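Colleague: Structure in C-alpha cells, see below.
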Amino acid sequence: MHWWLQGGPFLEVSFLLELKEMKKESIQEVIFHLSKVDGIEIYDKNVDEIIDFFVRGYPYDEEDPQSNYIHSLRLRLYVSLTRKRKATLQIDKVSSNAIMVNFWFDGTEIDEPDWDRDEFEEFTNFHKILYSVYEFKIGGIAVEEDILELFGCDETYPNECYRYENISPDRFLRELSHFESIIWNEKYEKLTQIPNKHIRLEKEGIFIRFGSIHN
C-alpha cells in the first residue's frame, strides 16, 4: 500500500464473492460494478492490463513447479464519502471458487478519541451500498482485518479452506468479533437468534453491529 496509502492502520471494507469461472470476464464484471456505486473514481488508467495480470497470475514459489498461483490485483481509487478519500481496492482469489474484494482506507483517524463518529457512519453506508450492488454472501468492516478471519482458517491463500461454501454465520455469532459490523446474506442461511443490534436490508441482507471500534 506504500505507493498509494501509507502507514496505517487501515480500515478495511471487505466481502466475499463466488468465483464460478476463472476468466477475464469474471473480474471485469466485478470492476464494472464499481460504476454502479456513486462516488468511486478509478485513478489507474491501465485497468485492462491490471485485470490481465490477475488472470495470468504468478507462482508463489517460482522454483517449485507445483507451487500455487497467486491471482491478485490492486487498483488505486478515490472514494467520495463525507469527503474525498484515497482508497486501494484489492481483489484476491482465495480458493478455487471464491474471491475476496477489499477496500482499504487510511484508518489513522479512527485512533483519535475525538474522531467524528458520524463520519464513520459513511463507511457503514458505503458497505450497505456495496451489498445492494454485489449481493455478496458476507462482508465486514474492521481495522486491519478482512473477512477471511471469519473462516477460522489460519492459512495463507489461496487455500481450499476458504471455499465459498465454507463460510457460515456460526463463527461471528458465537464469538466476540473484531469487526465493527457484518452484513450477511440470508439467501444462504436464515439467522434466527442474533445477540447483537441489527437491521434487515433489501435483497435478504442483514446488517449486524458489533461496535468494536471506539466501544
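Colleague: When both residues are 6+ apart or on different chains and their Cβ atoms are under 9 Å apart, which pairs have a first residue that lies in the range 129-152 and is of a type in the set (S, T, N, Q), and a second that is part of a helix (DSSP H, G or I)?
Modeller: So the pair list comes out as Ser132/Lys36.
Colleague: Inspect all residues belonging to the range 59-67 and state whether any of them is at pLDDT 95 or above and among the charged types (D, E, K, R).
Modeller: The answer is no; no qualifying residue exists.
Colleague: Find the residue count for the range 195-214, including only residues that are at pLDDT below 90 and either surrounded by 12 or more Cβ atoms within 10 Å (Cβ to Cβ) or within 18 Å of the chain's Cα centre (by Cα) (or both).
Modeller: Looking only at that region, the number is 6.
Colleague: When you scan the range 1-36, how many residues do you find that are under 15 Å from the mean Cα position of the chain (by Cα) and hydrophobic (A, V, I, L, M, F, W, C)? Quick ask: steps written out before the conclusion?
Modeller: Step one: filter the range 1-36 for residues under 15 Å from the mean Cα position of the chain (by Cα), giving 10-19, 27, 30-31, 33-34.
Cutting the leftovers down to hydrophobic (A, V, I, L, M, F, W, C) gives us 10-11, 13, 15-17, 19, 27, 30-31, 34.
Residues in the range 1-36 being under 15 Å from the mean Cα position of the chain (by Cα) and hydrophobic (A, V, I, L, M, F, W, C): 11 in total.
Colleague: In addition: So which residues in the range 2-29 are in a strand (DSSP E or B) and either at pLDDT below 95 or surrounded by 14 or more Cβ atoms within 10 Å (Cβ to Cβ) (or both)?
Modeller: Those that are in a strand (DSSP E or B) and either at pLDDT below 95 or surrounded by 14 or more Cβ atoms within 10 Å (Cβ to Cβ) (or both): Phe10, Leu11, Glu12, Val13, Ser14, Phe15, Leu16, Leu17.
Residues are listed down the side, and each one gets a yes or a no for (1) out of contact with any helix residue (DSSP H, G or I) (no Cβ under 6 Å at 6 or more places or on another chain); (2) at negative phi; (3) charged (D, E, K, R); (4) at pLDDT below 95:
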| site | (1), (2), (3), (4) |
| --- | --- |
| Arg117 | yes, yes, yes, yes |
| Glu121 | yes, yes, yes, yes |
| Asn125 | yes, yes, no, no |
| Leu130 | yes, yes, no, no |
| Phe136 | yes, yes, no, no |
| Val143 | yes, yes, no, yes |
| Asp146 | yes, yes, yes, no |
| Cys153 | no, yes, no, yes |
| Thr156 | yes, yes, no, yes |
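Colleague: Just give me the residues in the range 132-178 being assigned to a helix (DSSP H, G or I), buried (at least 21 other Cβ atoms within 10 Å of the Cβ) and in contact with a Lys or Arg (Cβ under 8 Å, 6 or more places away or on another chain), in sequence order.
Modeller: Leu150, Phe151
Colleague: Then there's this: Given the conditions (1) among the polar types (S, T, N, Q); (2) assigned to a loop (DSSP other than H, G, I, E, B); (3) within 16 Å of the chain's Cα centre (by Cα), and given that Thr192 satisfies all but one, which numbered condition is not satisfied?
Modeller: (3)
Colleague: For Phe32, state whether it is farther than 19 Å from Lys128 by Cα and either acidic (Asp, Glu) or not in a strand (DSSP E or B) (or both).
Modeller: So Phe32 does not fit the description; no.
Colleague: Next question, about the same structure. What do you reckon, is Ile147 of a type in the set (Val, Ile, Thr), in contact with a Ser or Thr (Cβ under 6 Å, 6 or more places away or on another chain) and over 21 Å from Ile40 (Cα atoms)?
Modeller: yes
Colleague: Please tell me if Lys93 is out of contact with any His (no Cβ under 8 Å at 6 or more places or on another chain) and basic (Lys, Arg).
Modeller: No: the conditions fail for Lys93.
The values are calculated or read from the model by the stated rules, or taken from the named source; none is laboratory data. Worth saying up front: this structure is predicted, and the values here are computed from it rather than measured. Please note: Cβ atoms are built from the backbone with ideal geometry, for glycine as well, and neighbour counts cover all protein chains shown.
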